[in-house]
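Have a look at the structure below before the remarks.
Computed from the coordinates by the stated procedures, all read-outs in this text should not be read as laboratory data. This structure is a prediction, so every number in the text was calculated from the model and none was measured. Here the Cβ positions follow ideal geometry from the backbone for every residue, glycine too, while neighbour counts run over all protein chains shown.
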Amino acid sequence: MSGYGGQILTINLTTGTTGVRTLDPQLFRDFVGGASLAAKLLYESLTPDLDPLSPDNPLLFLTGPLTGSSGPAVGRYVVCAKSPATHIWAESNCGGFFGPEIRFAGYDGILFTGRASSPVYVWIKNDKVELRDASHLWGGDTYETQTRIKNEVNDSLARVACIGVAGERLISYALILNDHGRVAGRTGMGAVMGSKNLKAVAVRGGNPLSFADPAFNQKRSRANIELRNDNVSQVLREMGSSGGSDYFNYLGEMPARYFSRSGFESIDKVSGATMSETILSGVSTCHACVIACGRKVILPDGDYQRGESKGPEYETIVGFGPNLEISDLAAITHLGQLCDSLGVDSISMSNTIGLAFMMYQEGVITTKDTNGLELRWGDARAIEKLIHLAVKREGFGELLARGSKALAKHFGVEKMAVQVNGLEVAYHDPRGATGMGLVYATSPRGACHNQSDYFMVEIGNSMSEIGVEMMDRAASEGKALSVSRHQWWRTLNNSLVMCVFANVPFNTARELLNAATGFDYSAEEFLRCGERSWALKRAINNRLGITAKNDTLPRALLTPLSEGGAAGVVINLPMMLKEYYDVQGWDAATGKPTRSTLERLDLKNVADDLWINTLSS
Amino acid sequence: MSIPFPSDAWIKALQDVLNSDDEYGKIASNWEGDLTFVVKAEGARAKPIYMYMDLWHGKCRDARQVADLNEKKAAFLLAAPFSVFQKIVQGKLDPMQAMMTRQLKVTGNMVYMMRNVPTVLRFVKCTSKIDSGFAE
């Protein structure tokens, strides 16, 4: 069928058997692809008693209908399962070239079940699928693993997604990495791979993609030209994802010192602009992307001297920079590279270390707890040691390896952890953009900025075509509708799978989807697909134990800042949530989508699951 | 009496406002770069209009309407239709919003621009101090 492979590859790692599962075309129509289709396919499997690190946790790599099409910023794939970090819905999407290669091999995705008896990697070349021994690769970093596998399969153009030592050691926030440092970073999908003894997946395909409309290529070229000329694209191309860091800092939207401060004095030493003016040596792209936000840097001298390597993106810069008060871009680059090569998510790692520093500052822990390390803000060497300890799960590192929620709980200071539902908050402070407070509180994977980067709306990136409007960024009232619609839109992005950095208009994406698939989505139906999948993910989480009580924010984010561009802003979360439940059609008492909401979204079976034997709604 | 936008008189009025605005002078004390407003042809306005400004260390050293982009080559171009500029000057459209929603096209060194967003925002705020006329 046009726009889709129409099938997913299934691999049972316990038995070593492989197969192909054909998908009902109606599933594509209703859920588009990517994370939304994954939610539909995994719905039955994700049960409350499922151990995320057990062989029973299904691990699904999925692409979207535009993946590999050379459309605007759509060279992506997503990995979904039950999260070992949060024990709820997990999705983590990733750029590079790996996703398109899955499509070129003839599949929409790959479903892994079971657990290999010893380390393996999978080599997929079109319809030939091999499980190969990976014992000799176990312990290798994410870059050398790619190189060695490409050599072994004798194909330099093979694409390899792999885990590092962190995934092997089941660190709850271990990542999957492919190509030049593109990562599925959040929610611990690398640990799920590790639990299955799956070191890597290598793919090489040779099948052309087909599209329904003969004018598809013309349309996607036009969309790419528009995207290339876009102001935001220009900022991303010239400065990477941290191009806005000076501005975010000015607005008070960038946290510092583990969310206790706003306004980092040394931002001019670590911003994307500074990177461009100092250590930048080149740029990198994902498949057919016209933006090229990836950074290549050279550290020519000093303690962190190295040849050309990946430059840090915004979250890594803020996580190790303002959050831990490091003002040395070389040190930040080094720490980001360390996380990537070991295979840990730099957001969760830096956030968890931030908590450790704050606990040390407040006297909750001492050197007796930290393997003798003094935790002083700005000490990059101490941070580097903590990363190694965490990945080795050694001493204090064993606590760090479990993430901030568990670390705080261990020391009886749960409220200190800046996390929501087990996922560490990303580095966009909702006190500088209050809509993000609602986003973090309601995201299906915990405190996530990619289920809605609403901070961009708060600084002007409105989308009037779907009713997403810029409002006073310090206000709480009246934002729920706009936030909801933006979440539905980003759910569609995560279905296509389209990069959220790409400023692609809603109707451009819809028209490209129609041209690729031959579907005839109206704007209303397209947005409803996003709403449907948003509700479905919520229902999955409800089944896993999430209630309205989980829709909350950590204490730090509800405490007004005394300085900076967001000084004095108070997030009125209860009011925002009340409005939000009304807009979403969720029951305020339980936090579940109501029966009528689910039925309106053609999710009757889900409504029956959630509301069986229940009279309400 | 209002000063018509766009015009040579309007851009010179903006020069006066900038040079008397202490906050702009302070925020823009490191700014070095000239810019040209490009008011695109729209509706009955058959030809684009260009207004040039030389901005230097918190002051405006020169401001005038020019015949085309070649008369004075500026480091930055701010291009939009008349109706968009009208909304920005009247404070009805946030300049960052105009930029991010593709209503206002910015050309030039974005690294420099992003480092100096407060300067840009104050600059735009100063335009609202002019008693501007927007005859169609």
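In the protein assembly as shown, inverting the average of 1/r over every pair of distinct C-alpha atoms gives 26.6 Å as the Kirkwood radius.
Annotation: amide H of A:Leu561 within the under-5 Å range of A:Gly568, A:Val569, sequence separation 5 or more or interchain, hydrogens built in the peptide plane.
Assuming R0 = 41 Å, can you tell me the calculated FRET efficiency for the pair B:Asn19 and A:Asn217, based on Cβ-Cβ distance, to the nearest 0.05?
About 0.20, to the nearest 0.05.
Can you list residues whose amide H is under 5 Å from A:Gln419's amide H, if they're 5+ apart or on another chain and H is modeled 1.01 Å from N? Amide H to amide H, under 5 Å and 5 or more residues apart or across chains, A:Gln419 pairs with A:Val425. Remark: spin-label model distance B:Ala135-B:Trp56 equals 3.5 nm, labels positioned 7 Å along the Cα→Cβ axis.
Listed by chain and number, the lysines placed with their C-alpha closer than 23 angstrom to that of B:Lys92 are A:Lys479, B:Lys12, B:Lys40, B:Lys105, B:Lys125, B:Lys129; residues fewer than eight positions away on the same chain are left out. Shown in residue order for the range A:308-317 are the 3J(HN,Hα) couplings computed by the Karplus curve 6.51 cos²θ - 1.76 cosθ + 1.60 at θ = phi - 60°: 5, 8, 5, x, x, 9, 3, 4, 5, 4 Hz (x for Gly and Pro).
Shielding value for B:84-96 is 1, the average number of Cβ atoms from other chains within 10 Å of each residue's Cβ.
For the range A:112-161, the Cβ-based charge dipole about the Cα centre amounts to some 120 debye (Lys, Arg positive; Asp, Glu negative; other atoms uncharged).
Applying a DSSP loop filter and a limit of 11 other Cβ atoms within 10 Å to the GluC sites (Glu not before Pro) in the range A:339-388 leaves A:Glu362, A:Glu374.
Under conditions of 37 °C and 0.692 mPa s, chain B yields 222 µm² s⁻¹ as its translational diffusion coefficient, taking Rh as the Kirkwood radius over Cα pairs in the Stokes-Einstein equation. Computed about its Cα centre, the charge dipole of chain A is approximately 980 debye, with only Lys, Arg, Asp and Glu carrying charge at their Cβ. For A:Thr366 and B:Ala67, what is the calculated FRET efficiency with R₀ set at 60 Å and r taken between the beta-carbons, to the nearest 0.05? That pair, A:Thr366 with B:Ala67, gives E of 0.25. Ordered by the count of other Cβ atoms within 10 Å of each Cβ, fewest first, A:His287, A:His136, A:His87 give A:His136, A:His87, A:His287. Between A:Val468 and A:Met463, the built amide H atoms are under 5 Å apart, and every one of these is 5 or more places off in sequence or on another chain.
Going by C-beta contacts inside 10 Å, put A:Asp379, A:Asp230, A:Asp49 in order with the fewest on the left. All intermediate terms of the calculation are to be shown ahead of the outcome.
Numbers: A:Asp379 18, A:Asp230 24, A:Asp49 7.
Ranked by crowding around the Cβ, least crowded first: A:Asp49, A:Asp379, A:Asp230.
Available extension along the chain between A:Lys296 and A:Thr547 is 86.0 nm, counting 0.36 nm per residue and deducting the alpha carbon span. The distance linking the range A:42-92 with the range A:348-419 is 29 Å (Cα centroid to Cα centroid, whole angstrom).
Per residue of B:97-108, other chain Cβ atoms within 10 Å of the residue Cβ number 5 on average. Taken residue by residue and averaged, Cβ atoms of other chains lying within 10 Å of the Cβ of A:229-237 number 5. Approximating the spin labels as points 7 Å out from Cα along Cα→Cβ, the B:Ser2-to-A:Lys409 distance works out to 6.3 nm. Cross-link partners of A:Lys269 among aspartates and glutamates, defined as those whose alpha carbon lies under 12 angstrom from its own and excluding same-chain residues fewer than eight positions apart: A:Asp246, A:Glu277, A:Glu325, A:Asp328. Across the options A:Gly307, A:Leu175, A:Val364, the greatest Cα extent toward the positive end of the charge dipole of the protein assembly as shown (unit charges at beta carbon of Lys, Arg, Asp, Glu) belongs to A:Leu175. Counted by neighbouring Cβ atoms within 10 Å, the residues A:Ser462, A:Ser522 run from fewest to most as A:Ser522, A:Ser462.
Where in the range A:535-617 are there GluC sites (Glu not before Pro) that are in a DSSP coil and have at most 15 other Cβ atoms within 10 angstrom of their Cβ?
On the way: sites: A:Glu563, A:Glu579, A:Glu599; in loops: A:Glu563.
When the GluC sites (Glu not before Pro) of the range A:535-617 are filtered for loop state and at most 15 Cβ neighbours within 10 Å, A:Glu563 remain.
Simple point charges give the picture: +1 on the Cβ of Lys and Arg, -1 on the Cβ of Asp and Glu, and for the range A:7-204 a dipole about the Cα centre of about 280 debye. Using the empirical formula 2.2 N^0.38 Å as the baseline, the Cα radius of gyration of the range A:234-391 reaches a ratio of 1.03. Phi angles across the range A:291-300 convert, under the Karplus curve 6.51 cos²θ - 1.76 cosθ + 1.60 with θ = phi - 60°, into 3J(HN,Hα) values of 8, 6, 7, x, 10, 10, 10, 10, 9, x Hz, Gly and Pro given as x.
Note: relative contact order over chain B, using C-alpha pairs below 8 Å and six or more positions apart, is 30 percent.
In deg cm²/dmol, rounded to 500, what helix-only [θ] at 222 nm does chain B give when every DSSP H run of at least 4 residues adds -39500 (n - 2.57) and the total is split over its residues?
Taken over chain B, the calculation gives -10000 deg cm²/dmol.
Between the range A:157-215 and the range A:544-560, how many Å separate their Cα centres? Each part reduced to its Cα centre gives a spacing of 31 Å.
Using a 10 Å cut-off on Cβ atoms, rank the peptides A:511-518, A:11-18 from the highest mean neighbour count down. Intermediate results must be reported in sequence, preceding the final value.
Numbers: A:511-518: 22.4, A:11-18: 16.1.
Those peptides, ordered most packed to least, come out A:511-518, A:11-18.
Here's the list of lysines a cross-link from A:Lys604 could span, going by alpha-carbon distance under 27 Å and ignoring same-chain residues fewer than 8 apart: A:Lys40, A:Lys82, A:Lys537, A:Lys549, A:Lys578, A:Lys592.
Using the Karplus relation 6.51 cos²θ - 1.76 cosθ + 1.60 with θ = phi - 60°, the per-residue 3J(HN,Hα) values for the range A:326-337 come to 9, 10, 10, 4, 5, 5, 5, 4, 4, 5, x, 5 Hz, with x marking Gly and Pro.
Give me the distance between the Cα centres of the range A:227-287 and the range B:16-64, rounded to whole Å. Each part reduced to its Cα centre gives a spacing of 26 Å.
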